[in-house]
1. Amide H of Gly168 versus every other amide H placed in the peptide plane: which residues, excluding those fewer than 5 positions away on the same chain, fall under 5 Å?
2. Near Lys51, which aspartates and glutamates are there with a Cα under 14 Å away, not counting those fewer than 8 places off in the same chain?
3. Stretched out fully, how many nm does the piece from Gln192 to Ser137 gain, at 0.36 nm a residue minus the Cα gap?
4. Sequence-distant or interchain residues sharing an amide H contact under 5 Å with Val35, placed H: which?
5. Any chance you could run the full-extension gain for Thr167 through His76? It's 0.36 nm times the residue separation minus the Cα-Cα distance, nm to one decimal.
6. In nanometres, what is the gap between the two model label sites at Val181 and Glu127, each 7 Å from Cα along Cα-to-Cβ?
7. Residue farthest toward the positive end of the dipole of region 1-85, with Cβ of Lys/Arg at +1 and Asp/Glu at -1: which of Leu7, Pro80, Tyr45?
8. GNM, the chain, Cα, under 10 Å: largest mean-square fluctuation among Lys25, Lys88, Lys67?
Amino acid sequence: MNYRRILVFAAHPDDEMAMAGTIRKLSDLGVEVHVCVSTDGCEGYPVAEWKDDIVKMRMQEQAEADKVMGVHKRHHIGSPDMGLVNDKQTFLKFIEIVRKVRPDAAFTHGPDDRHRDHVNTCHISLEALWQAAEPVSMELGPAWNTPHIYYYTAVKGQPPHILYDCTGYAHIPCLARATQVSQHVLWNCTRQELEAEAERLRQANEPYCERFWMTDRMVLTDFPPLAE
Ligand SMILES: [Zn+2]
C-alpha cells in the first residue's frame, strides 16, 4: 500500500466505508485518497417525506464522513441511484476522473453482487481504468495507467488475497457510518449507538484488518525471492 494517490470507486455515497480503516490509515501516512461515487443516492430515503431532500442530505453526510476518513477529494459521476448504466457518456466520465486523479492504485466493488449499481460500478471502473491508459479520447486528459487494481467487496468463493493491518483504525468504519444519519433507519441503529460502538472499538484497540482481492488486471512484479 506504498502509494502516492489512490482512487476508490463507490456506487453509492457510503459504500467506500467498507474500507474506511484503510482509507484513514493511508491518509494518515500521507497518501492522497480520492473517492469517486457513481450515483447520487437519491433512492436511499427510508422516510417518504425525505424524497426531495435526500440528495442534499447525503452530500452533507459525505462531506462529514470525508473528514472522519481523511478523504482528500470526492468526485461525483452524478448518475441516479439504481440507474447507473454502462453507456458511452458515463464511461467517458469514469475515464476523465481516472486521468484527473492519476492513481497508483484503484479499489472497486467486486463482481459478485446483487445490487445493479455495485455490479455496474465494478464493470465500468475496470474498463475505464484500462481505457484511460490508451491513447484515445485525449481531450479527457493525458493517458494514465493504474498499475494496481483491487476489489474491496463482493468476491465469492475466494478468500481475500490481502489482509491489510489497520490496527488502531478499527473504529473508523463505525465513526464514518455514524455521520450517515439518513441511512440509520435502514441500518437499524442510531448515531449515538454507532459513536458509542466506535469509542468501544477505539479503546479496545484490538488487531483489525480489512480485506482485499487483487483483480486479474494486476501484473505482479518486485516480489522478493521465495526463501529456500
Ligand atoms: Zn451501495
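The numbers here are math on the coordinates, done by the rules we state, and not lab data. Every value quoted in this text rests on a predicted model; they were computed, and no experiment measured them. As a convention, Cβ positions derive from the backbone with ideal geometry for all residues, glycine included, and neighbour counts pool all protein chains shown.
1. Placed amide hydrogens put Tyr208 under 5 Å from Gly168.
2. Partners within reach: Asp40, Glu43, Asp81.
3. Answer, rounded to one decimal: 15.0 nm.
4. The list, which skips near neighbours in sequence, is Val8, Lys73, Arg74, His75.
5. Once the chain is fully extended between Thr167 and His76, it gains 29.7 nm.
6. 3.9
7. Value: Leu7.
8. Result for the chain, Cα springs under 10 Å: Lys88 fluctuates most.
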